[in-house]
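S.K.: Dumping the structure here so I can ask a few things about it.
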Amino acid sequence: MKATAKDLRFHSKELLDTVNRGEEVVITYRGNPCAKLIPYLEIREKTSNNELFGIWKDKDDVKNVEEYVRGLRKGRS
């Protein structure tokens with residue numbers, strides 16, 4: 001199903017009901033696809049099969065990944 005950004009703004013309940021039924025909704029902005037609404041459980045299944053999932057688990061020198069990444073980004077702004 002396709003919906004516009006305006007539909008998302010004014011009919012979000014109906015779009016969420018559509019997603020809860022198992023359908024995917026592509027959100028378009030000015031005629032171009034920019035986002036996709038998919039059921040949450042489907043996302044969880046895809047990430048567990050992703051080859052990058054758990055990429056930091058073998059790094060012994062990094063105890064807390066969140067703090068490590070924040071430290072890397074700290075000097076950027």
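Derivation of every value follows stated rules applied to the coordinates shown; laboratory data play no part. Bear in mind that the values here come from a model prediction, so they are computed numbers and not experimental data. Please note: Cβ atoms are built from the backbone with ideal geometry, for glycine as well, and neighbour counts cover all protein chains shown.
S.K.: Within a Cβ distance under 13 Å of Y29, other residues only, what is the Lys/Arg minus Asp/Glu net charge? Kindly include the intermediate steps, with their values, before the conclusion.
M.R.: On the way: positive: K2, K6, R9, R30, K36; negative: D7.
Once positives and negatives cancel, what remains is +4.
S.K.: Kindly state, to the nearest 0.05, the FRET efficiency for A35 paired with K13, given R0 = 30 Å and r defined as their beta-carbon distance. Please list the in-between numbers first.
M.R.: Numbers: r = 17 Å, r/R0 = 0.57.
Here the calculated transfer efficiency is 0.95.
S.K.: Highest mean first, how do 10-20, 56-66 rank when packing is the count of other Cβ atoms within 10 Å averaged over residues? If you can, show how the numbers build up before the last one.
M.R.: Values: 10-20: 13.0, 56-66: 8.8.
Ranking the peptides 10-20, 56-66 by packing returns 10-20, 56-66.
S.K.: Turning to a different aspect of this structure: Gain in length, K6 to N64, computed as 0.36 nm per residue apart minus the alpha-carbon separation, to one decimal in nm? Please list the in-between numbers first.
M.R.: Values: separation 58, 0.36 × 58 = 20.88 nm, distance 4.08 nm.
This chain segment gains 16.8 nm when fully extended.
S.K.: Let me ask another. Among the lysines, which fall within straight-line cross-link reach of K2, defined as a Cα-Cα distance under 28 Å, with same-chain neighbours fewer than 8 residues apart omitted?
M.R.: K13, K36, K46
S.K.: 5 Å is the cut-off here: which amide hydrogens, built 1.01 Å from N in the peptide plane, fall below it relative to T4, excluding neighbours closer than 5 in sequence?
M.R.: Those lying under 5 Å, H to H, from T4 are T28.
S.K.: Can you work out the Karplus-derived ³J(HN,Hα) for every residue in the stretch 11-28? Use 6.51 cos²θ - 1.76 cosθ + 1.60 with θ = phi - 60°, whole Hz, and x for glycine or proline.
M.R.: Coupling constants for the stretch 11-28: 10, 4, 4, 5, 5, 5, 4, 5, 5, 5, 7, x, 8, 9, 10, 9, 8, 10 Hz.
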